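To start, the structure under review is shown below, and the notes come after it.
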Amino acid sequence: MSQNRVWFVTGTSSGIGKEIAKAVLKGGDKVIAAARNLDSIKDLKELGAHTLQLDVTLSEKQLSSLMNDAINVYGQIDILVNNAAFAIWGSIEETSEEETEKLFSTNFFGPLKLIKAVLPHMRSRRTGVIVNISSLAGVSGFKASSLYPATKFALEGLSESLKDEVQHLGIKVLVVEPGFFRTELASPNNMVIVKRTVSDYDQHYNEFDLTSIHHKQSGDPKKLAERLFDVVTQSGSAQGREIPFRLPIGDDAYPFVSSKYEKNLEELANIKDLTSGTSFQE
Ligand SMILES: NC(=O)c1ccc[n+]([C@@H]2O[C@H](COP(=O)([O-])OP(=O)(O)OC[C@H]3O[C@@H](n4cnc5c(N)ncnc54)[C@H](OP(=O)(O)O)[C@@H]3O)[C@@H](O)[C@H]2O)c1
């Protein structure tokens, strides 16, 4: 990738997205910072970002048109960061159809539409990086916030297929899996709290209360953003390293992901004999 890189980052009003935009500017690259509310990113504009009003739940046509506007700002987009998302606190059975659709529309269909919007540009230039911000919830399900992991698993599946589809075109895909970071994700303003109607699930809410971790998370989003900048630009702490496909990040991330992979392998080994013997006898 050339110098004078241009990044396009969604959900830059707070948390990880805002810090990524700042890290990009600090690193000397250009950033198009997108947010639903332009007032929330005035600070980024003052720092030198080009700001763009964008709700990721818009239609494919609208997002494609906004992406073309964004490409025209600097003549190129080198890195798309699908960061915008929200979390939900509720069991599967208690979550309404409307809540589920809004969650998937934001966390999965938004990134999908923006990927489709940027691909013609990246294909024509035979270069680009698509960064999808997943989660440890893209590696493991979590009871009582159950549909949030469902959106992140979908994003991981999309990313894995995309990686293989566009690799020969010079386009890379990076999935970031943050642990717990101190942002607005679990704030009462951003996280959707589902109406509780089934007391059978109370024990799950009591076991781990997602509403109580707000601003107590140990991860620093500024440090995540600076590491991500290094990884994508193959500089600083990632100098000379290939861009990986998956990047679990946070001091809680590596132990969590490795133990989940080990558990998956252990479960697979336990049922190995049940997996075969189902072919036609030809
Ligand atoms: N913090 C963590 O512990 C953690 C862990 C794992 C993964 N993540 C992931 O990290 C990413 C960033 O989250 P965060 O932790 O930084 O939370 P955050 O501070 O709540 O930021 C989320 C951002 O998404 C934006 N957003 C929500 N719905 C949108 C929509 N329809 N259109 C455009 N923007 C929208 C929000 O904008 P508004 O201000 O307009 O609402 C906000 O800028 C998310 O993908 C999240 O799933 C976070």
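Throughout, read-outs are computed from the coordinates displayed, never taken from laboratory work. Treat the numbers as computed from the prediction; the structure is a model and nothing was measured. Every residue, glycine as well, gets a Cβ built from its backbone with ideal geometry; the counts of neighbours run over all protein chains shown.
Figure legend: label point modelled 7 angstrom from the Cα of residue 4 along Cα→Cβ; residues of segment 23-60 with amide N under 18 Å from it are 25, 27-32, 49-50. The overall shape of segment 1-69 is oblate: from the C-alpha gyration tensor, with semi-axes ordered a ≥ b ≥ c, the ratio a/c is 1.5 or greater and a/b is no larger than b/c.
Between 0 and 90 degrees, the angle of helix 253-270 with respect to the longest Cα principal axis of the chain falls at about 40 degrees.
Between residue 245 and residue 203, the C-beta separation translates, for a Förster distance of 30 Å, into a calculated FRET efficiency of about 0.25. Between residue 64 and residue 212, the contour length at 0.36 nm per residue exceeds the Cα-Cα span by 49.5 nm. Computed from Cα positions, the angle between helix 60-74 and the longest principal axis of the chain comes to roughly 40 degrees. Calculated FRET efficiency, residue 26 to residue 160, Cβ-Cβ distance, R0 = 35 Å: about 0.70 to the nearest 0.05. Among the trypsin sites (Lys or Arg not before Pro) in segment 117-226, those located in a DSSP loop and surrounded by at most 12 other Cβ atoms within 10 Å of their own Cβ are 126, 195, 216. Helix 221-233 versus the longest principal axis of the chain: what is the Cα-based angle in degrees, 0 to 90, to the nearest 10? Tilt of helix 221-233: around 70 degrees. With a cut-off of 8 Å between alpha carbons and a minimum separation of six or more residues, what is the relative contact order of segment 124-215 in percent? RCO, segment 124-215: 33 percent. Other residues lying with their Cβ under 14 Å from the Cβ of residue 225 contribute a combined charge of +2, Lys and Arg counting +1, Asp and Glu -1.
Each stretch of four or more DSSP H residues adds -39500 (n - 2.57); spread over every residue of the chain, this sum gives -12500 deg cm²/dmol at 222 nm. Near residue 138, once Lys and Arg are set to +1 and Asp and Glu to -1 for all other residues with Cβ below 13 Å from its Cβ, the sum equals 0. Counted by Cβ distance under 12 Å from residue 123, the other residues give a net charge of +2, where Lys and Arg count +1 and Asp and Glu count -1.
I'd like the distance separating the alpha-carbon centroids of segment 59-127 and segment 203-282, in whole Å. First find each Cα centre; the distance between them is then 22 Å. Relative contact order for segment 6-274: 19 percent, from Cα pairs under 8 Å spaced at least 6 residues apart, divided by residue count. Pairs with C-alpha atoms separated by more than 25 Å, drawn from the list 30/222; 195/263; 30/223, are 195/263.
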